[in-house]
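The values are calculated or read from the model by the stated rules, or taken from the named source; none is laboratory data. Predicted model only: the values in this text are computed from it and were never measured. FYI the Cβ positions are ideal-geometry reconstructions off the backbone, even for glycines, and counts take in every protein chain you see.
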Amino acid sequence: MAHDLCDDLELVAAADDFDFDFDGDDGVFRDGFPAASGAASDSHQQHDQMDDTSASEYRQGKDMQGIPWERLNYGRDQYRQLRLREYKNYRSLTRSRSGLEQDCKQVERKDTFFDFHLSTRAVRSTIVHFQVQFHSQCSVHTVRLHIKLQLAMKNFLGDDLRNLLWATSKNDVYLVQNYSVKHWSPLHQRGTEVLNVGGQLAPSENVKGAKPLSRVQISTMALKDNLMVAGGFQGELICKYIDKPGVAFCTNLTGNNNSITNAVGIYQAPSGATRVMAANNDCVVRTLDAERFSQVSQFTFPWSVNNTSASPDGKLLAVLGDSTECLVADPQSGKTVASLRGHTDYSFASAWHPDGRVLATGNQDATTRLWDARSLSAPVAVLGARIGAVRGLQFSPDGRFLAATEAADFVHVYDAAAAAGCAGGAEQEVDLFGEVAGAAFSADGEALFVSVADRTYGGLLEFRRRRSYGYLDSCFF
């Protein structure tokens, strides 16, 4: 039974057997949402009729995602409180979290660094989840229990892979939608397919290790300049030049269909060469030369690697995975340079400040931790999430802001300098409903894009950086 934000949390069914596969027709896991009486049956028709939301409509009171609260059983504030109470963040480890809230830095959630500009449903990210089914002879009360169980299991069902959105400029946005990668132009309000992985894929480059692939479910991706890299749920790696047809290189990295490609990255080595990096569930981090796609290195770690990121100078590598410790390693030798201790669960996200002095790590313990790269013995700041694991981290190109993406409902935009400093921090909280597929700054830092993966109210949200031009007023008035 598929669920999305338009379904009723208090669903009553007459059948004795219930199949909760938690998958929509397009492979997206669903949330419960409080539809008014009769509204759920018309959700697909309503979706076809929904318009985008502009900045002017938002200022006049329209919901940012176009959710018609006036027709639902709950108001927005009421449902937000319900979500804060009911959402259960999955935890891999059961160790005590006592004192965690006290460790978190107090931040003011009143700033607006980016103003809402537009949301569109013309393109929507989709998130692949593993299928779970329940078969039971059950009463109405049991059905309600099962629906609540959906929320409790959200983060267990493959929710750790969220780098599904990138912006190479404020007019070039790329996101994963079903079996394809779409390009969205905010300027022309038009989407086009740049990569389709639903059929057969054959590498155009004749290099060692290249293999044809078929029907790949994309788990993660990265873009830099003209190169796109995508990973798959069965250990696949795909490399494509945006301005060229076809796929330059593709292969199965692990030979094991259970070794998901958890993270991919593109970075510049100290020599100036461009490298492609992939982290997999087989505990291995592999690095390839981006010119010929030949493997440069392969390092094995003690646990499944969920995320890696290279420092701006290419001399340090953050390695995170199924451990409370995060490692900083030498990308040339794989030797561990430092172990970062402080998180209480598994980690899934990391990002380096553009100046290389600060490393941010995100964890299932619902915190983002900031580390001084010159002294990694303890975090300089701990930033708490609202309801769930921190699945994505990205600094703005100028280093002014840090975007921390939760698995659902919240994206936090921090004043990076204030967050890492000793004084109280400043934050803009983007409050939405639904699973977050990713958040990305444009290359010039003037735009922030957030992708929400929901069948009815999902879409791409665009925010524009707020600028103060008060000095012009003093000149002319």
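Only residues that are surrounded by fewer than 15 Cβ atoms within 10 Å (Cβ to Cβ) and either among the charged types (D, E, K, R) or modelled with pLDDT under 90 (or both) were counted in the range 62-75, giving 2.
Pairing residues of the range 275-286 that are touching a residue at least 12 places away in the same chain (Cβ under 8 Å) with residues that are outside any strand (DSSP E or B) and hydroxyl-bearing (Ser, Thr, Tyr), at Cβ distances under 6 Å and at least 6 apart in sequence or on separate chains, gives Asn280/Thr254; Asn280/Ser259; Asn281/Ser259; Asn281/Ser304; Asp282/Thr254; Asp282/Ser259; Cys283/Ser304. From Ala338, Ala373, Ala378, Ala349, grab the single residue that is surrounded by 21 or more Cβ atoms within 10 Å (Cβ to Cβ) and either on the phi < 0 side of the Ramachandran plot or modelled with pLDDT under 95 (or both). Of Ala338, Ala373, Ala378, Ala349, the one residue that is surrounded by 21 or more Cβ atoms within 10 Å (Cβ to Cβ) and either on the phi < 0 side of the Ramachandran plot or modelled with pLDDT under 95 (or both) is Ala349. Yes or no: Thr344 within 29 Å of Ala416 (Cβ to Cβ) and not in a loop (DSSP other than H, G, I, E, B)? It is false that Thr344 is within 29 Å of Ala416 (Cβ to Cβ) and not in a loop (DSSP other than H, G, I, E, B). Per the conditions (1) under 22 Å from the mean Cα position of the chain (by Cα); (2) surrounded by 24 or more Cβ atoms within 10 Å (Cβ to Cβ), the sole criterion not satisfied by Cys250 is (1). For the range 427-443, the set of residues classified as over 14 Å from Gly458 (Cβ atoms) and either at pLDDT below 85 or among the β-branched types (Val, Ile, Thr) (or both) consists of Val430 only.
Going by what's in this entry, would Val390 be described as touching a residue at least 60 places away in the same chain (Cβ under 8 Å), crowded, with 17+ Cβ neighbours inside 10 Å and among the β-branched types (Val, Ile, Thr)? So Val390 fails the test. Among the residues of the range 262-289, those identified as under 15 Å from Gly321 (Cα atoms), in a loop (DSSP other than H, G, I, E, B) and of a type outside the set (A, V, I, L, M, F, W, C) are Asn281, Asp282.
Based on this model, can you work out whether Ser119 counts as modelled with pLDDT of 75 or more, crowded, with 17+ Cβ neighbours inside 10 Å, in a loop (DSSP other than H, G, I, E, B) and not β-branched (Val, Ile, Thr)? The answer is no for Ser119. The residues in the range 347-359 that are within 24 Å of Gly438 (Cβ to Cβ), in contact with a strand residue (DSSP E or B) (Cβ under 8 Å, 6 or more places away or on another chain) and outside any strand (DSSP E or B) can be counted, and the count is 2. Say we look at the range 206-235 and pick out the residues that are out of contact with any Ser or Thr (no Cβ under 6 Å at 6 or more places or on another chain) and among the charged types (D, E, K, R); which of these is nearest to Ser309 (Cα to Cα)? Ranking the qualifying residues of the range 206-235, first place goes to Lys224. Against the criterion of being in a strand (DSSP E or B) and of a type outside the set (A, V, I, L, M, F, W, C), Arg292 does not qualify.
Of all residues in the range 102-117, those that are closer than 19 Å to Gly384 by Cα and of a type in the set (S, T, N, Q) have Cβ atoms under 6 Å from Cβ atoms of residues that are part of a loop (DSSP other than H, G, I, E, B) and at pLDDT below 70, 6 or more apart or on another chain, in Gln106/Gly424. May I ask you to say which residue of Gln137, Gln131 is within 26 Å of Thr261 (Cβ to Cβ), part of a loop (DSSP other than H, G, I, E, B), at pLDDT below 80 and not acidic (Asp, Glu)? The conditions single out Gln131. Quick check, is Leu317 surrounded by 18 or more Cβ atoms within 10 Å (Cβ to Cβ), more than 27 Å from Thr368 (Cβ to Cβ) and not polar (S, T, N, Q)? In short, no. Scanning the range 295-314 for residues that are assigned to a loop (DSSP other than H, G, I, E, B) and either closer than 20 Å to Gly272 by Cβ or in contact (Cβ under 8 Å) with a residue 24 or more places away in the chain (or both) turns up Phe301, Ser304, Ser311, Pro312, Asp313, Gly314. Against the conditions (1) crowded, with 21+ Cβ neighbours inside 10 Å; (2) polar (S, T, N, Q); (3) in a loop (DSSP other than H, G, I, E, B), Ser333 satisfies every one except (1).
Residue by residue, here is whether (1) under 18 Å from Gln298 (Cα atoms); (2) touching a helix residue (DSSP H, G or I) at 6+ places or on another chain (Cβ under 7 Å); (3) modelled with pLDDT of 95 or more holds:
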{"residue": "Glu236", "(1), (2), (3)": "yes, no, yes"}
{"residue": "Tyr241", "(1), (2), (3)": "no, no, yes"}
{"residue": "Ile260", "(1), (2), (3)": "yes, no, no"}
{"residue": "Val264", "(1), (2), (3)": "yes, no, yes"}
{"residue": "Val276", "(1), (2), (3)": "yes, no, yes"}
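Every residue, every condition in (1) in a strand (DSSP E or B); (2) among the polar types (S, T, N, Q); (3) over 18 Å from the mean Cα position of the chain (by Cα); (4) surrounded by fewer than 24 Cβ atoms within 10 Å (Cβ to Cβ), yes or no:
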position: Ala403; (1), (2), (3), (4): yes, no, no, no
position: Ala417; (1), (2), (3), (4): no, no, yes, yes
position: Glu429; (1), (2), (3), (4): yes, no, no, yes
position: Glu435; (1), (2), (3), (4): yes, no, no, no
position: Gly438; (1), (2), (3), (4): yes, no, no, no
position: Asp444; (1), (2), (3), (4): no, no, yes, yes
position: Leu448; (1), (2), (3), (4): yes, no, no, no
position: Ser451; (1), (2), (3), (4): yes, yes, no, no
position: Arg464; (1), (2), (3), (4): yes, no, yes, yes
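When residues in the range 360-381 are screened for being in a loop (DSSP other than H, G, I, E, B), among the small types (Gly, Ala, Ser) and under 18 Å from Ala416 (Cβ atoms), 1 of them pass.
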